[in-house]
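Structure first, commentary second.
None of the figures in this text is laboratory data; all of them are computed from the coordinates on show. Values in this document were obtained by computation on a predicted structure and should not be read as measured data. Neighbour counts are summed over all protein chains in view; Cβ atoms, including those assigned to glycine, are modelled from backbone coordinates with ideal geometry.
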Amino acid sequence: MGSAGTVAELVQRQWGDHRPGLRSGDLVLSHHQVAAGAAARAALLVDLLPRGAEPHVAVLLDNTPEYPLWLSAAALAGAAVAGVNPTRRGAELARDVLHTDCRVLVTERAHLPLLDGLDLPGVRVLVTGTDTYEQRLRACAGATPGSATLAGGPAPGSRLLLYFTSGSTGAPKAAICTQGRLATAGASLAAHFRVRPDDVHYICMPMFHGNAVIADWAPALAGRAGIGLRRRFSASRFLDDVRAYGATYFTYVGRAVQYLLATPERPDDRDHSLRFGFGTEAGAVDAARFEARFGVRLVEGYGSSEGGAAIRRTPDTPPGAVGRAAPGDDLAVVDPATGEERPPGVLDARGRLLNGSEAIGELVNRGPNPFEGYWRNEAAEAERRRGGWYWTGDLFFRDAAGFLHFAGRTDDRLRVDSENLAAAMIENILARWVDAAAVAVYAVPDPAAGDQVMAALALREGAAFSPAAFARFLAAQPDLGTKMAPRFVRVVPRMPVTATNKVHRVALRREGFRCADPVWWARERGAYTPLTGADTAALVAEYSAHGRVL
């Protein structure tokens, strides 16, 4: 396969390769056409960027062919792509473009309404698919890879990605990823998963997110495989796309796997070309269901968005674990308050954690790591690197054999009756309930102090919520601690998710039990009854009496 120091080199390798390289609906471009299209866009970018401007281009697109073409163009030119989340609105969207010092914004007609009334001084907007855009590209059609570069050109240390991390606790931070890091990550994953030139990587996760670019596009590029695009993730169209493209590999994040499992079963569910999926947060229960139904093994991996820590799955990794630290990483699970290492988790014969309160902590990397910082955010950078360690912001526990198990995000911790709980651990238990299609667990304030557990449940088609059956299910779970049972249960028609298919916990926490959906609660723990308007009023009064605000 050969190694490459930059993504630009990987793009250049496509020149002269006339095998299918990019598929999107009925459109098929060869690898050579992708390289030629990238070269033309690189020349256009070099022409449009003002002298002395930061080499940054904002991309506000769905997963259309233009997205990988502009990623490739930025690599060739020595520029960086700032992927803009199309669910952002107004001043927040403008802030993302201006914060990353982008002087060119590439978008499409479908997203033009998002730009109406925005103040974007000095930013030139390119609208793909328009006559003006196509004329500009035709003027650059003679460009070849490497013929148009910005000052300094592409190098291993050149910025290539400025991708925004979650903004649940403030404005999103733009994490930096260089050409060298992305090329290395792509080559590593391509070797690990034995990516072949005849493979096709299906990209259905949004390309403004690191998962789709780092874990799907980059290894395809490194392994000279083709890619197939879906504009936006669709559970109902997933298998149709896989069959049409001959896809062999896909990535997922968040609740995408649950949505696929919630589709009606069909006799031909195993009639496809997929070899495996790679992602995070599927959960052991859903991963087993997915393999049983579709015949596809899901490989759970972990790599922090910023690149500061990575976990590799090894052949001896037990069910439910993510794996061990990647070579060179010194990973530890520590108490976030003291930095002291947590004791190993105690698992029963069925692999269920029995001492979560003591074993779960934040994952840190105490050794050198490839975190490359945030764009113009020194405070956030220092928080990540405090005490000389890289703090991931993610909760884990380590079992007695040294394998690491994901337990959620630090923002998803709950403190119930002075006991620390991880939402992901409770979710893994609730996901065993046969009537649950999707589960989310989050904290709502306790009237006096700390938190109470609330769960949102999306039910499988045709199922109805039975409070008695749910209570019996909870009572039968040996690893459900005495503080873990949900006090409130919200039954949702569909789980609210972000643009990256992660559960929108911020919205769920904000609404709490005062929402339009039916809510059941355990007035006295163990028996669930409907939460009435009178109940809600009494609870609000109780909060007020203790000086707490919902």
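Show me the three semi-axes of the equivalent ellipsoid for the range 417-545, from the C-alpha gyration tensor (sqrt of 5 times each eigenvalue), largest first, rounded to whole Å.
21, 17, 16
At a threshold of 8 angstrom on Cα-Cα distance, excluding pairs fewer than six apart, so keeping six or more, what relative contact order does the chain reach in percent? Numbers along the way, then the final one.
Numbers: 1162 pairs, mean separation 53.3, N = 550.
It rounds to 10 percent for the chain.
Kindly state, to the nearest 0.05, the FRET efficiency for R386 paired with R89, given R0 = 30 Å and r defined as their beta-carbon distance.
Details: r = 33 Å, r/R0 = 1.09.
FRET efficiency, R386 to R89: 0.35.
Determine the relative contact order of the range 417-545: mean sequence separation of Cα pairs under 8 Å and six or more apart, normalised by residue count, in whole percent. It would help to have the intermediate numbers written out before the result.
Details: 178 pairs, mean separation 29.9, N = 129.
Contact order relative to length: 23 percent.
In debye to the nearest 20, how big a dipole does the range 400-541 give about its Cα centre with +1 on each Lys and Arg Cβ and -1 on each Asp and Glu Cβ? It would help to have the intermediate numbers written out before the result.
Values: 17 positive and 14 negative charges, 38 e Å.
Taking the Cα centre of the range 400-541 as origin, the dipole is about 180 debye.
Note down the magnitude of the dipole of the chain about its Cα centre, charges +1 on Lys and Arg C-beta and -1 on Asp and Glu C-beta and zero elsewhere, to the nearest 20 debye.
Working: 61 positive and 59 negative charges, 108 e Å.
Once rounded to the nearest 20, the dipole reads 520 debye.
Just to check, using Stokes-Einstein with a Kirkwood Rh over alpha carbon pairs, what's the diffusion coefficient of the range 7-300 at 37 °C and 0.692 mPa s in µm²/s? Write down the numbers at each step before the final one.
On the way: Rh = 19.4 Å.
Diffusion coefficient, whole number: 169 µm²/s.
Just going by the charge dipole of the chain, with Lys and Arg at +1 and Asp and Glu at -1 on Cβ, which of A292, G345, G533 is farthest out on the positive end?
The Cα lying farthest towards the positive end belongs to A292.
Treating the angle as unsigned and between 0 and 90°, give the value, to the nearest 10°, between the Cα long axis of helix 31-48 and the longest Cα principal axis of the chain.
Tilt of helix 31-48: around 80 degrees.
Need one number: % antiparallel among DSSP beta bridges in the range 7-300, to the nearest 5. Present the calculation step by step, with values, prior to reporting the outcome.
Working: 9 of 41 bridges.
Of the beta bridges lying entirely in the range 7-300, close to 20 percent run antiparallel.
Helix 66-77 sits at what angle to the longest principal axis of the chain, using alpha carbons and giving 0 to 90 degrees rounded to 10?
60
Among G402, A4, Y259, flag the residue with its Cα farthest along the positive direction of the charge dipole of the chain, charges on Cβ as +1 for Lys/Arg and -1 for Asp/Glu.
A4
Rounded to the nearest 5, what % of the DSSP beta bridges within the range 422-529 are antiparallel ones? Show your work: numbers first, answer last.
Working: 15 of 20 bridges.
About 75 percent, rounded to the nearest 5.
Using a ≥ b ≥ c from the Cα gyration tensor of the range 320-410 (square roots of the eigenvalues), is it rounded, prolate or oblate, where a/c under 1.5 gives rounded and otherwise the larger of a/b and b/c decides, a/b for prolate? If you can, show how the numbers build up before the last one.
Values: a/c = 2.43, a/b = 1.95, b/c = 1.24.
Because a/c hits 1.5 or more and a/b exceeds b/c, the range 320-410 counts as prolate.
What is the ratio of the Cα radius of gyration of the chain to 2.2 N^0.38 Å, where N is its residue count, to two decimals?
Values: Rg = 24.1 Å, N = 550, 2.2 N^0.38 = 24.2 Å.
Rg over 2.2 N^0.38 Å, computed on Cα atoms: 1.00.
Just need the relative contact order of the range 1-95 here, percent rounded to a whole number, with Cα pairs under 8 Å and 6+ apart. Write out the running numbers ahead of the final one.
On the way: 113 pairs, mean separation 25.0, N = 95.
Normalised by residue count, the contact order of the range 1-95 is 26 percent.
What is the list of residues in the range 257-277 whose amide nitrogen lies under 20 Å from a point 7 angstrom out from the Cα of E291, following Cα to Cβ?
Counting only backbone N, you get 257-262, 269-277.
Under unit Cβ charges (Lys, Arg +1; Asp, Glu -1), what dipole magnitude, rounded to 20 debye, does the range 135-257 have relative to its Cα centre?
Values: 14 positive and 5 negative charges, 51 e Å.
The calculation lands at about 240 debye.
Quick one: Cα centre-to-centre distance for the range 210-240 and the range 1-74, in angstrom?
When both Cα centres are located, 15 Å separates them.
Please give the FRET efficiency for R376 paired with R510, using the beta carbon to beta carbon distance and R0 = 30 Å, rounded to the nearest 0.05.
Using R0 = 30 Å, I get an efficiency of 0.55.
If you keep only loop residues by DSSP, which GluC sites (Glu not before Pro) in the range 377-475 have at most 10 other Cβ atoms within 10 Å of their Cβ? Please report the intermediate quantities before stating the final value.
Details: sites: E378, E381, E383, E419, E427, E461; in loops: E461.
Those satisfying the criteria are E461.
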